[in-house]
Amino acid sequence: MNRIRFGTAGQSESFAAMGYKTSLDVPEYTAKFGLHAFEYQCGHGVRLGEEKAREMARRAQERDILFSLHAPYFISMSSLNEETRLRSVDYILQSCRVVRALGGRRVIFHSGSCGKQSREQALEKALDTMEKIVRAVDEAGYGDLTLCPETMGKIGQLGTLDEVLTLCQVDKRITPCIDFGHLNARTLGGIKGRAEYEEILDRMEDVLGDERAKAFHVHFSRIEYSAGGEKQHHTFADTQWGPEPEPLLRLCKERQLSPVIICESAGTQAEDARTMQLYYESLF
Ligand SMILES: [Zn+2]
């Protein structure tokens, strides 16, 4: 069986309900669901101390759980304000420091809004910021870590599949985070089934043409959308919103892909990640 790590974005509602209290309990909780990945959320700032992170890493390693880290939402790689744009570099460096202490490798980030400029101009700015980020990350000694720009759910945000793949071309280590719920939301329900998943996977293979098209990063949840794209995340029980996970998981098996799949359901991440994992295992 090709190895896919399934895991959760942050703590589910059941974490507290099961009596767990601190982030130190995350590895034990994650293991209870049979999961092997956990994306630590630093969306509102990187506040996790390194000592605590190292203890979390120790407990995770015992259970074969791999951390990734979601960088702050303040990152704005295309900002027209130079100071704001360049601060994106600092947020990534802070994230690298903590993900290293967590024993993880991947830093996932949003490139930000396009703002009052064309998509082309926004992408051009983001590419320049990306180059600065790569340089700063290498200089700080984090060159072994993996930067993962994410596909975004709102149409006004930089983060179509092609925009993310263009950012990945700045350096061969940059690996896409494909948020299929976001792609479905920004195309107003464009992922209808197997054919659309195949198109996305083929496009990654065409543009990247290397291991990154197999061992990419995934965010998965059912997401409500309106005219502007993403509105809110739902759970697997809210089946009126797509996309459907099964065709993607079948393709992962057929093509022998080995992504890390992080479930971002609203409150039932661990339960829904487990559902995906059980379905995937049932294919073998
Ligand atoms: Zn995200």
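The values are calculated or read from the model by the stated rules, or taken from the named source; none is laboratory data. Not measured: the values here are computed from a predicted model. Note: ideal-geometry Cβ built from the backbone for every residue, glycine included; neighbour counts use all protein chains shown. Please note that ligands, DNA and RNA were not included when accessible areas were found on the heavy atoms of the full protein model with its side chains. Shrake-Rupley method; radii C 1.70, N 1.55, O 1.52, S 1.80 Å.
Where Lys and Arg each count +1 and Asp and Glu each count -1, what net charge lies around Phe220 among other residues with Cβ under 11 Å from its Cβ?
Cβ neighbours under 11 Å give a net charge of -3.
With θ set to phi - 60°, apply the Karplus curve 6.51 cos²θ - 1.76 cosθ + 1.60 along the stretch 192-197 and write out the HN-Hα couplings as whole Hz, x wherever there is a Gly or Pro.
8, x, 3, 4, 6, 5
What does the charge count near Gln256 come to, summing +1 for each Lys or Arg and -1 for each Asp or Glu among other residues with Cβ under 14 Å from its Cβ? Walk me through the numbers before you get to the answer.
Values: positive: Arg3, Lys214, Arg250, Lys253, Arg255; negative: Glu205, Glu211, Glu254.
Residues near Gln256 contribute +2 overall.
Express the accessible area of the chain per residue in Å², computed with a 1.4 Å probe while the remaining protein chains stay in the model.
On the way: 12000 Å² over 284 residues.
Accessible surface, normalised per residue, equals 42 Å².
Using only protein heavy atoms and a 1.4 Å probe, report how much of Asp206 is accessible, in Å² to the nearest 10.
120 Å²
By how many nm would the segment from Ala17 to Glu83 lengthen if fully extended, with 0.36 nm per residue of separation less the alpha-carbon distance?
Gain on stretching Ala17 to Glu83: 19.5 nm.
Within the chain, what whole-number % of the accessible surface is contributed by carbon and sulfur, with the 1.4 Å probe and all protein chains included in the calculation?
Result for the chain: 48 percent of the exposed heavy-atom area is carbon or sulfur.
With θ set to phi - 60°, apply the Karplus curve 6.51 cos²θ - 1.76 cosθ + 1.60 along the stretch 165-181 and write out the HN-Hα couplings as whole Hz, x wherever there is a Gly or Pro.
Computed from phi, the couplings for the stretch 165-181 are 5, 5, 4, 5, 7, 5, 7, 5, 7, 6, 10, x, 9, 8, 8, 5, x Hz.
Can you report the principal axis dimensions of the stretch 5-282 using only the alpha carbons, biggest first, rounded to whole angstrom?
47, 45, 33
When ranked by the protection proxy of mean other Cβ atoms within 10 Å per residue, highest first, what sequence do the peptides 40-48, 271-279, 148-156 form?
Per-residue mean Cβ counts within 10 Å order the peptides as 148-156, 271-279, 40-48.
Which peptide among 73-84, 28-39 comes first, and what is the full order, when sorted by highest mean count of other Cβ atoms within 10 Å?
Details: 73-84: 17.2, 28-39: 20.5.
Ranked by mean Cβ neighbours within 10 Å, highest first: 28-39, 73-84.
Provide the net charge surrounding Thr8, with neighbours chosen by a C-beta distance below 13 Å and charges set as Lys +1, Arg +1, Asp -1, Glu -1.
Here the count lands on -2.
Considering only DSSP beta bridges where both residues belong to the chain, give the percentage that are antiparallel (nearest 5).
20 percent
Which pairs, out of Lys192/Lys231; Lys132/Lys214; Lys32/Lys214; Lys125/Lys154, put more than 22 Å between their alpha-carbon atoms?
In this structure, Lys132/Lys214; Lys32/Lys214 lie more than 22 Å apart at Cα.
For the peptides 161-167, 249-255, 92-98, what is the packing order when you average, over each peptide's residues, the other Cβ atoms within 10 Å and list the highest mean first?
Going by the mean number of other Cβ atoms within 10 Å, highest first, we get 92-98, 161-167, 249-255.
Given H placed on each backbone N at 1.01 Å, which residues far from Thr160 in sequence or on other chains put an amide H within less than 5 Å of it?
For Thr160, whose amide H was placed from the backbone, the distant partners under 5 Å are Met152.
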